[in-house]
Amino acid sequence: MVRVSSSQAERFDDYWNRLTEDPGTFRLLGKNCSTRASGAFRHADILAAGIPELDTPNNLYEQIIRQRRDICESYSGYIGFTTVGSGMTMAVEDP
């Protein structure tokens with residue numbers, strides 16, 4: 001979870017809206033979905049630079065957690081559903 005100001009959220013959305021007009025070239029290595037997400041974080045002044053190393057979701061996640069721990073909280077684990085009677089319940093397991 002990344003806590004941002006309303007102006008940062010607006011700039012983040014603005015970046016995505018601009019991409020709908022001109023998404024540019026897509027490649028597996030660079031100019032991919034992680035590259036675009038990184039661009040939104042930079043456009044919103046949440047991150048100062050692009051993803052270190054290869055543009056992958058994991059490297060973007062690591063960058064955000066490492067550089068912006070002041071505004072981030074990271075949760076992990078398994079969330080699933082199990083049958084209880086005639087309904088379902090959510091099961092949360094820590095890794």
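Applying the selection to the stretch 49-63, what residues are open to solvent by less than 90 Å² (accessible area, probe 1.4 Å), touching a helix residue (DSSP H, G or I) at 6+ places or on another chain (Cβ under 8 Å) and without any contact (Cβ under 8 Å) to a residue 12 or more places away in the chain?
ALA49, PRO52
Hey, among the residues in the stretch 1-37 that are touching a residue at least 24 places away in the same chain (Cβ under 8 Å) and hydroxyl-bearing (Ser, Thr, Tyr), which one's farthest from GLU62 (Cα to Cα)?
TYR15
Output the number of residues of the stretch 49-58 satisfying the condition of being in a helix (DSSP H, G or I) and either acidic (Asp, Glu) or more than 23 Å from ALA9 (Cβ to Cβ) (or both).
Going through the stretch 49-58 one residue at a time, the tally reaches 1.
Kindly indicate the residue of the stretch 59-95 that is acidic (Asp, Glu) and out of contact with any Gly (no Cβ under 6 Å at 6 or more places or on another chain) and also farthest from GLN8 (Cα to Cα) among those meeting that condition.
Residues of the stretch 59-95 acidic (Asp, Glu): 62, 70, 73, 93-94.
Narrowing the set further to residues that are out of contact with any Gly (no Cβ under 6 Å at 6 or more places or on another chain) leaves 62, 70, 73.
Working: GLU62: 20, ASP70: 15, GLU73: 17 Å.
Going through the qualifying residues, I end up with GLU62.
What residue, among those in the stretch 10-48 that are assigned to a helix (DSSP H, G or I) and under 17 Å from ASP70 (Cα atoms), is most open to solvent (accessible area, probe 1.4 Å)? Before the answer, list the steps.
Our first condition is that a residue be assigned to a helix (DSSP H, G or I); within the stretch 10-48, this holds for 10-21, 33-43.
Then drop every residue that is not under 17 Å from ASP70 (Cα atoms), which leaves 41-42.
Values: PHE41: 30, ARG42: 92 Å².
Across the stretch 10-48, the extreme among qualifying residues is ARG42.
Can you name the residue in the stretch 64-84 that is in contact (Cβ under 8 Å) with a residue 24 or more places away in the chain and open to solvent by less than 70 Å² (accessible area, probe 1.4 Å) and is also farthest from VAL4 (Cα to Cα) among such residues?
Looking at residues that are in contact (Cβ under 8 Å) with a residue 24 or more places away in the chain and open to solvent by less than 70 Å² (accessible area, probe 1.4 Å), I get SER74.
The values are calculated or read from the model by the stated rules, or taken from the named source; none is laboratory data. Keep in mind that this is a model prediction, so the values were computed, not measured. Positions of Cβ are backbone-derived with ideal geometry, glycine not excepted, and every protein chain shown enters the neighbour counts. Please note that ligands, DNA and RNA were not included when accessible areas were found on the heavy atoms of the full protein model with its side chains. Shrake-Rupley method; radii C 1.70, N 1.55, O 1.52, S 1.80 Å.
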